[in-house]
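To start, the structure under review is shown below, and the notes come after it.
Taken together, the values in this text are just the output of simple stated rules run on the coordinates, not laboratory data. Given the structure is predicted, the values throughout are model-derived calculations rather than measurements. Don't worry about glycine lacking a Cβ; one is built from the backbone with ideal geometry, like all the others, and counts go over all protein chains shown.
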Amino acid sequence: MALQALRSSGVAFRKILSHFPDELSLAFAYGSGVFRQAGPNSDQKNAMLDFVFTVDDPVAWHSKNLKKNRSHYSFLKVLGPRIISSIQTNYGAGVYYNPLITCDGRLIKYGVISTSVLVEDLLNWNNLYVAGRLQKPVKIVAMSENVILRSALDKNLRSAATAAFLMLPESFSEEDLFVEIAGLSYSGDFRMVIGEEKSKVLNIVKPNIAHFRELYSSILQESPQVVYKSQQGRLEIDKSPEGQFTQLMALPKTLQQQINRIMDPPGKNRDVEETLLQVAHDPDCGDVVRLGLSAIVRASSVRQSAKGIFTAGVKKSLVYGSLKLHKMWKGWLRKAS
C-alpha cells in the first residue's frame, strides 16, 4: 500500500504517542509541524503538531484517556466517556479534537475517530474530513494489521486521483494533479475564506512533490486510463465521454449522490447511473464534480467547527481561532510585500 512508504520512524512522534492509551488501529501526524510548507508557515520551527488517533472502541479509549489526561478535555469531561464518544461519533465529521495541548515540550492537537467511522469516510466520502487529510502526505506513527482499514486507505487514494482526473484537462503536470488532489478536501470549506491562508494548497504541494509522488505513483502507473510519463512529470487522461463515465462510476458513493442532486431536475427522480452518464457527456463535467465536492466539505466543515467550540472549550477555541487568523494575515502581508 502506497501509504506505508511514508511510515515515520521518528522517536519524537512515538514518545508523544506513549502518553496516550495504546489501543490504536491507526495514528498519524500531519500538517505544517510535520511537513515543510511554503509561504508564511515555512519558518515555523516549533509549529503545532497535529495528530489523529483511530480507535476501535471510543468509549473504552476515552475512559482510559480521561484517567491519564483529564486536563486535555473541556468541560465535557464531567459528562464521562460515553457522552464524549457519542459527541465524537454523532456530531460534526465524526472526530473529537483536543487542541493546544503541551506534550513532551511540544504544542499538539489530537483528534480521535472510531475505526468504523473512518473506514466509511475513506470509502464513501461521507464527510471528506479525515479522509481528506489522508489524501495528502502524512506520517504514520502506528498502524494495526486491520485489513479492512488498510484497503480503505488505498481506496481513498485511488478515489482522490479519479476525482482530480475529472477536473483536469486531457494533459497536465504532476504538480497540477497533486494541487488538485490536495485541494479536494478544501472545496467549499468556509475556513478557506475566513480562517485559512489563501495559498494553502499550493504551499502544501510545492515543497512535498516527492511525498505526493510516493503516495500516488503506483496508482498512476496501474491506471488503464492514464498515460504517466514519470520522467517528464506529465500525464494524459482519457477525456472521452466513455472515459469520464468510467471515472464517474468509480467515485465514492456520497459524491455520486451529490452530483445526482445537483443535476437531477425536480420531478425527474433519475437514478445515479443515468445522471452520471449525462454528466460524462457534459463539457462542464469537472465543474459539476467540484460542486459535489463543495457540498460535502461545506456541510462537514461547518458542523465540525461548531462542535469544536464545545469539545475544545470557549477559551481554547478563541486562542486556536486567533492563531489561524494570524497565519492568514501573514499570508496577506507576504502577498502585499
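Under 5 Å between amide hydrogens, built in the peptide plane, is the criterion, and for Val55 it picks out Ser25, Ile113, Ser114, Thr115 among residues at least 5 positions away or on other chains.
What ranking do Tyr110, Tyr97 get, fewest neighbouring Cβ atoms within 10 angstrom at the top? The partial results should precede the final answer.
Numbers: Tyr110 25, Tyr97 22.
Lowest count first: Tyr97, Tyr110.
Distance between the 7 Å Cα→Cβ label points at Asp282 and Thr102: 5.3 nm. Close amide-amide hydrogen proximity is noted between Ser144 and Leu26, each under 5 Å apart and 5 or more residues distant or on a separate chain (H modeled in the peptide plane; Pro and chain starts excluded). The residues packed around Asp121, meaning those with a beta-carbon under 12 Å from its beta-carbon, carry a net charge of +2 if Lys and Arg are +1 and Asp and Glu are -1.
When a footprinting reagent is the concern and you count Cβ atoms within 10 Å, what order do Ile101, Ile181, Ile204 take, fewest first? Provide the component values of the computation, followed by the final result.
Values: Ile101 19, Ile181 24, Ile204 27.
Least crowded to most crowded, the residues run Ile101, Ile181, Ile204.
I want the local charge near Leu24. Using Cβ-Cβ distances under 13 Å, sum +1 for each Lys or Arg and -1 for each Asp or Glu among the other residues. With Lys, Arg at +1 and Asp, Glu at -1, the neighbours total -3. What net charge is computed for the residues neighbouring Asn156, neighbours being all others with C-beta under 12 Å from the C-beta of Asn156, Lys and Arg scored +1, Asp and Glu -1? Residues near Asn156 contribute +2 overall.
I need Val297, Val147 ordered by Cβ neighbour count within 10 Å, fewest first.
Values: Val297 24, Val147 8.
By the 10 Å Cβ count, ascending, the order reads Val147, Val297.
Database remark: amide H of Asp50 closer than 5 angstrom to the amide H of Tyr30, Gly33, Lys109 (H placed geometrically; neighbours at sequence offset of 5 or more, or on other chains; Pro and chain starts carry no H).
Quick one: of Lys200/Lys229; Lys67/Lys139; Lys67/Lys200; Lys155/Lys229; Lys109/Lys155, which pairs are farther than 30 Å apart, Cα to Cα? The partial results should precede the final answer.
Values: Lys200/Lys229 27 Å; Lys67/Lys139 27 Å; Lys67/Lys200 37 Å; Lys155/Lys229 23 Å; Lys109/Lys155 27 Å.
Correct reply: Lys67/Lys200.
Excluding same-chain neighbours fewer than eight residues apart, the aspartates and glutamates reachable from Lys15 by a Cα-Cα span under 12 Å are Asp104. Along region 96-109 the Karplus relation, 6.51 cos²θ - 1.76 cosθ + 1.60 evaluated at θ = phi - 60°, assigns HN-Hα couplings of 10, 9, 10, x, 6, 9, 8, 9, 6, x, 10, 7, 10, 10 Hz to successive residues, with x for each Gly and Pro.
The HN-Hα couplings worked out from phi for region 290-297 by the Karplus form 6.51 cos²θ - 1.76 cosθ + 1.60 (θ = phi - 60°) are 5, 5, x, 4, 4, 5, 5, 5 Hz, whole numbers, x standing for Gly and Pro.
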